[in-house]
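**Q** My questions will all concern the structure given below.
The values are calculated or read from the model by the stated rules, or taken from the named source; none is laboratory data. Predicted, not measured: the structure shown is a model, and the values here were computed from it. A quick note on method: Cβ atoms are made from the backbone with ideal geometry, for glycine too, and the neighbour counts reach across all protein chains shown.
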Amino acid sequence: MQTTDTTYDNVSHVNYGFQHEEQRPPPFAPPSGINPALPQYHGPQNPQYVHQNSPPQYFSERYSPAQSLHQYTPQTAPVNTHRTVTPGPYLDVNPVHKASRRKKWPFILGIVITLLVVAGVIAVVLWFYGIFDCLQGRRCKTDEKCVSFSQWCDGVQDCPSGDDETQCSRLFGSDYLLQMYSNMNQKWENVCSDGWNDNLGMQACEEMGYERNTYVGYEEIYSRASTDYMLVKTDSLGSSNLTGFHSKTSDCPSNKAVALKCIDCGRNSETRIVGGTMVTSKGVWPWQVSLQISRRHLCGGSVITPYWVVTAAHCVYENSDARDWTVYAGYLTRTEMQLATGNSVSRIVMHNFDPRTNENDIALMKLNLPLTITSNVRPVCLPNKGMYFTAPRECYITGWGSQSSGGSPSPTLQEAKIQLIDRTTCNSRPVYNGQITETMICAGKLEGGVDSCQGDSGGPLVIKENSLWWLVGDTSWGDGCAFRNKPGVYGNVTYFLDWIYEQMRRY
């Protein structure tokens, strides 16, 4: 992690985050302008669990001259006035040409009719082979069974794997509002606190993917996020379940919603030295871990539950055997880790990562044994739906990465304060020229001097909100370290939220 005030203009190491003989496959830029610039926090992904053969080694050097960031003003095309003709009786000066154009219409009409007929035949064939037979529903992931929308989230398992009854509840905003999906109204609604209890709370947390023993509790809060509430059903014996039904506000006597806390996360010791770059207390960033093979630090990671760690996919792309990895949590120096045992890894789950573009650069590690939660080892909070982090929001990065491009890893945990950078700015020509997709976010300083570097990959990019720290990104890639107009690029954790919960539920 580089935290100098010097501005650099030469680009050397392409993917600064990965410590693999100081190199890893570089990102190859897609053609300029093909990636969307604005959307940042959207829907779920289709996960794949990749355990692939090692790809060929790429050089991690790429030359890309740094340039000053310019502001571009769109130019309006000039109006051609000298050929503009005022309508009048002498406008039709060439009736022969008009007649020839009229003769083309039957030919054009014939082509259109032919295309429509061909499209109709294709549609019938697709319908015959079952392509369009699920327009009024969704398919189960395991056996491709079509289940109607009214059967999703209705409390009855219609998919063999239960796909239709997962992801039916979620947490919203920094207040942890519990919301359930109404299949009747096709929207998310707050859960009314009337009739709610801790048993229901633990059940809801388990269905999202958290372990039962991490459950914290719930609160009743007034909410302006929705005027409708979801109530839990109670059977004749008085027991409750999470199957809800739609109700107007007047049917929720308390007019209060459930705020559910599934895990104690995002708290630290707050003993950070202002303006410092070396971390001096173990409790400052208690979710930061070191990921090592044969006692050699390769990447960083973030604790999200006692069993689960978030890191970057490129860290495990060439080393996907979980038995090779050891996780070290609660340490400041690499010397301490040399004397420690660490935690073994039972499973690695990688997104469908593209090593050429660094698309979907996120992975999860599940530990064989859970971490012991102390003041020095704590999970960071996953961002909830409805939380939006926009530039120029202040954030922090941490890690044992090198303090200069191509240098050796830092012996002590380092920290740096940076800012989020708008995707439009980051995709401009002087910066990354269209390489930043919705699975990525930019953070750093355009003037250079402060950045993550080799060895910081997979580590946390965090933001503080509502007195808690939230995991916004995992360190992914960049051109060099701390160069001008080449800020760090991070995996967009908010974008991957549904994928993360899906893996936690599945495993």
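**Q** Is it the case that region 447-468 has a residue that's free of Cβ contacts under 8 Å to residues at least 60 places away in the same chain and buried (at least 24 other Cβ atoms within 10 Å of the Cβ)?
**A** no
**Q** Quick one: would you say Asp154 is loosely packed, with under 14 Cβ neighbours inside 10 Å, modelled with pLDDT under 70 and touching a strand residue (DSSP E or B) at 6+ places or on another chain (Cβ under 8 Å)?
**A** Numbers: loosely packed, with under 14 Cβ neighbours inside 10 Å: no; modelled with pLDDT under 70: yes; touching a strand residue (DSSP E or B) at 6+ places or on another chain (Cβ under 8 Å): yes.
Spelling it out, it is not the case that Asp154 is loosely packed, with under 14 Cβ neighbours inside 10 Å, modelled with pLDDT under 70 and touching a strand residue (DSSP E or B) at 6+ places or on another chain (Cβ under 8 Å).
**Q** Looking at (1) within 29 Å of Val279 (Cα to Cα); (2) buried (at least 20 other Cβ atoms within 10 Å of the Cβ); (3) not small (Gly, Ala, Ser), can you tell me which one Phe353 breaks?
**A** It is condition (1) that Phe353 fails.
**Q** Then there is this: Restricting attention to region 471-490, does a residue exist that is more than 22 Å from Arg378 (Cβ to Cβ), out of contact with any Pro (no Cβ under 9 Å at 6 or more places or on another chain) and aromatic (Phe, Trp, Tyr)?
**A** Among the residues of region 471-490, at least one is more than 22 Å from Arg378 (Cβ to Cβ), out of contact with any Pro (no Cβ under 9 Å at 6 or more places or on another chain) and aromatic (Phe, Trp, Tyr), which makes the answer yes.
**Q** What pairs can you find where one residue is in region 384-402 and without any contact (Cβ under 8 Å) to a residue 60 or more places away in the chain, the other is among the polar types (S, T, N, Q) and part of a strand (DSSP E or B), and their Cβ atoms are less than 7 Å apart, with a gap of 6+ or different chains?
**A** Ala391/Gln419; Pro392/Gln419
**Q** Could you identify the single residue in Tyr317, Tyr328 that is of a type in the set (Ser, Thr, Tyr) and under 22 Å from Pro370 (Cβ atoms)?
**A** Working: Tyr317 fails: under 22 Å from Pro370 (Cβ atoms).
Of the residues listed, the single one that is of a type in the set (Ser, Thr, Tyr) and under 22 Å from Pro370 (Cβ atoms) is Tyr328.
**Q** Looking only at region 372-404, which residues are closer than 29 Å to Asp451 by Cβ and hydrophobic (A, V, I, L, M, F, W, C)? I'd like the intermediate steps shown before the answer.
**A** We begin by selecting, within region 372-404, every residue closer than 29 Å to Asp451 by Cβ; these are 376-384, 387-404.
Within region 372-404, Val377, Val380, Cys381, Leu382, Met387, Phe389, Ala391, Cys395, Ile397, Trp400 meet the criteria.
**Q** Kindly indicate whether any position in region 331-343 is under 15 Å from the mean Cα position of the chain (by Cα) and hydrophobic (A, V, I, L, M, F, W, C). Let's see the steps before the verdict.
**A** Quick first cut of region 331-343, residues under 15 Å from the mean Cα position of the chain (by Cα) only: none.
Checked region 331-343: no residue is under 15 Å from the mean Cα position of the chain (by Cα) and hydrophobic (A, V, I, L, M, F, W, C).
**Q** A further question on this structure: State yes or no: is Ser402 touching a Ser or Thr at 6+ places or on another chain (Cβ under 7 Å), hydroxyl-bearing (Ser, Thr, Tyr) and buried (at least 22 other Cβ atoms within 10 Å of the Cβ)? Break it down into steps so the answer makes sense when it comes.
**A** Numbers: touching a Ser or Thr at 6+ places or on another chain (Cβ under 7 Å): yes; hydroxyl-bearing (Ser, Thr, Tyr): yes; buried (at least 22 other Cβ atoms within 10 Å of the Cβ): yes.
It is true that Ser402 is touching a Ser or Thr at 6+ places or on another chain (Cβ under 7 Å), hydroxyl-bearing (Ser, Thr, Tyr) and buried (at least 22 other Cβ atoms within 10 Å of the Cβ).
**Q** If a residue must be closer than 14 Å to Tyr176 by Cβ, of a type outside the set (S, T, N, Q) and modelled with pLDDT under 80, how many such residues does region 192-241 contain?
**A** Residues meeting the conditions: 1.
**Q** Has region 269-280 got at least one residue that is acidic (Asp, Glu) and either at pLDDT 95 or above or surrounded by 18 or more Cβ atoms within 10 Å (Cβ to Cβ) (or both)? If you could, list the steps in order and put the result at the bottom.
**A** Keep residues of region 269-280 that are acidic (Asp, Glu), which gives 270.
In the following step, the residues that additionally are either at pLDDT 95 or above or surrounded by 18 or more Cβ atoms within 10 Å (Cβ to Cβ) (or both) were identified as none.
No; the residues of region 269-280 include none that is acidic (Asp, Glu) and either at pLDDT 95 or above or surrounded by 18 or more Cβ atoms within 10 Å (Cβ to Cβ) (or both).
Residues checked against (1) part of a loop (DSSP other than H, G, I, E, B); (2) under 23 Å from the mean Cα position of the chain (by Cα):
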{"residue": "Leu364", "(1), (2)": "no, yes"}
{"residue": "Pro370", "(1), (2)": "yes, no"}
{"residue": "Ser375", "(1), (2)": "yes, no"}
{"residue": "Met387", "(1), (2)": "yes, yes"}
{"residue": "Thr390", "(1), (2)": "yes, yes"}
{"residue": "Val431", "(1), (2)": "yes, yes"}
{"residue": "Thr437", "(1), (2)": "yes, yes"}
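**Q** Do you know which of the residues in region 283-327 that are part of a strand (DSSP E or B) and farther than 24 Å from Thr214 by Cα is nearest to the chain's Cα centre (by Cα)? So that I can check it myself, show each step before the final result.
**A** Restricting attention to region 283-327, the residues satisfying the condition of being part of a strand (DSSP E or B) are 288-293, 296-303, 308-311, 325-327.
Narrowing the set further to residues that are farther than 24 Å from Thr214 by Cα leaves 292-293, 296-299, 325.
Numbers: Gln292: 24, Ile293: 26, Arg296: 28, His297: 25, Leu298: 22, Cys299: 19, Trp325: 24 Å.
For region 283-327, the residue satisfying everything is Cys299.
**Q** If we keep just the residues of region 356-375 that are under 17 Å from Thr305 (Cβ atoms) and not hydrophobic (A, V, I, L, M, F, W, C), which is surrounded by the most Cβ atoms within 10 Å (Cβ to Cβ)? Quick ask: steps written out before the conclusion?
**A** At the first step, the residues of region 356-375 found to be under 17 Å from Thr305 (Cβ atoms) are 362-374.
Now restrict to residues that are not hydrophobic (A, V, I, L, M, F, W, C): 366, 368, 370, 372, 374.
Details: Lys366: 18, Asn368: 13, Pro370: 15, Thr372: 11, Thr374: 12.
If we take residues in region 356-375 being under 17 Å from Thr305 (Cβ atoms) and not hydrophobic (A, V, I, L, M, F, W, C), then Lys366 is surrounded by the most Cβ atoms within 10 Å (Cβ to Cβ).
**Q** Here is a follow-up. Would you be able to tell me the number of residues in region 477-502 that are more than 14 Å from the chain's Cα centre (by Cα) and not in a strand (DSSP E or B)?
**A** Step one: list which residues in region 477-502 are more than 14 Å from the chain's Cα centre (by Cα), which gives 477-488.
From the residues that got through so far, the ones that are not in a strand (DSSP E or B) too are 479-482, 484-487.
Qualifying residue count, region 477-502: 8.
**Q** Looking at the structure I just gave you, is Leu291 more than 19 Å from Gly173 (Cβ to Cβ), in contact with a helix residue (DSSP H, G or I) (Cβ under 8 Å, 6 or more places away or on another chain) and at pLDDT below 95?
**A** Details: more than 19 Å from Gly173 (Cβ to Cβ): yes; in contact with a helix residue (DSSP H, G or I) (Cβ under 8 Å, 6 or more places away or on another chain): yes; at pLDDT below 95: no.
In short, no.
**Q** Oh, and also: So Gly491 fits all but one of (1) more than 30 Å from Met208 (Cβ to Cβ); (2) touching an Asp or Glu at 6+ places or on another chain (Cβ under 6 Å); (3) not β-branched (Val, Ile, Thr); what number is the exception?
**A** All conditions are met except number (1).
**Q** Which of the residues spanning region 445-476 are within 26 Å of Pro409 (Cα to Cα), outside any loop (DSSP other than H, G, I, E, B) and modelled with pLDDT of 95 or more? Reasoning before the result, please.
**A** Just the residues of region 445-476 that are within 26 Å of Pro409 (Cα to Cα), to begin with: 445-463, 469-476.
Restricting the remaining residues to those that are outside any loop (DSSP other than H, G, I, E, B) gives 450-451, 460-463, 469-476.
The answer is Pro460, Leu461, Val462, Ile463, Trp469, Trp470, Leu471, Val472, Gly473, Asp474, Thr475, Ser476.
**Q** Further question on the same structure: Is it fair to say Ser410 is assigned to a loop (DSSP other than H, G, I, E, B), surrounded by fewer than 24 Cβ atoms within 10 Å (Cβ to Cβ), in contact (Cβ under 8 Å) with a residue 60 or more places away in the chain and polar (S, T, N, Q)? Full working, then the answer.
**A** Numbers: assigned to a loop (DSSP other than H, G, I, E, B): yes; surrounded by fewer than 24 Cβ atoms within 10 Å (Cβ to Cβ): yes; in contact (Cβ under 8 Å) with a residue 60 or more places away in the chain: yes; polar (S, T, N, Q): yes.
Here the answer is yes, as Ser410 does meet what is asked.
**Q** So, one more: From the residues in region 328-347 that are in a strand (DSSP E or B) and touching a residue at least 40 places away in the same chain (Cβ under 8 Å), which one is surrounded by the most Cβ atoms within 10 Å (Cβ to Cβ)?
**A** Initial filter on region 328-347 (in a strand (DSSP E or B)): 328-329, 333, 343-347.
Applying the additional criterion that residues be touching a residue at least 40 places away in the same chain (Cβ under 8 Å) yields 329, 333, 347.
Numbers: Ala329: 26, Thr333: 13, Arg347: 15.
It comes out as Ala329.
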